[in-house]
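Just below is one structure, and these are the notes that go with it.
We did not get these values from a lab; they are worked out from the coordinates using the rules stated. These numbers come from a predicted model, not from an experiment.
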């Protein structure tokens, strides 16, 4: 029994010494790896300002809903009565076309008509004169 108790005591001593040695090694490793100084953080005071965030890219944009608007006449716009994104109703006046171009076109057509009527009268007078000359020559031949 004495031998058995001696072996048990030496066995427990060896386990105890190994445990103390493991704790000592752990403490040494922890102290070597631990940072020497506490970390320092960079800080700044908050200031008010504008943030500009821009994305430069090329691409094709398409609207969700697209409506074609047509006019009965074409021309240059004199005024636009609505803005992009405004809601409009059926029959609402959207834009005014500059009438100057159409008025000039109408005036030119009227002048062309007067010229053609004058040419017609001149041609009718020439025809009348040619008929009278013909009748005169015809009367002289008899």
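Would you mind calculating the relative contact order of the chain from Cα pairs under 8 angstrom and at least 6 residues apart, reporting the percent as a whole number?
The value is 13 percent.
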Along principal axes, largest first, the alpha-carbon spread of region 95-141 in whole Å comes out as 73, 9, 6
Angle between the Cα long axis of helix 2-33 and the longest principal axis of the chain, 0 to 90 degrees, nearest 10? 40
Calculate I(q)/I(0) for region 42-120 by the Debye formula, one identical point scatterer on each C-alpha and no solvent, and give its log10 at q = 0.17, 0.24 Å⁻¹ to two decimals. -0.94, -1.20
Would you mind getting the Kirkwood hydrodynamic radius of the chain from its Cα pairs, rounded to one decimal in Å? 29.7
If one takes the longest principal axis of the Cα atoms in the chain, at what angle in degrees, from 0 to 90 and to the nearest 10, does the Cα axis of helix 99-141 lie? 30
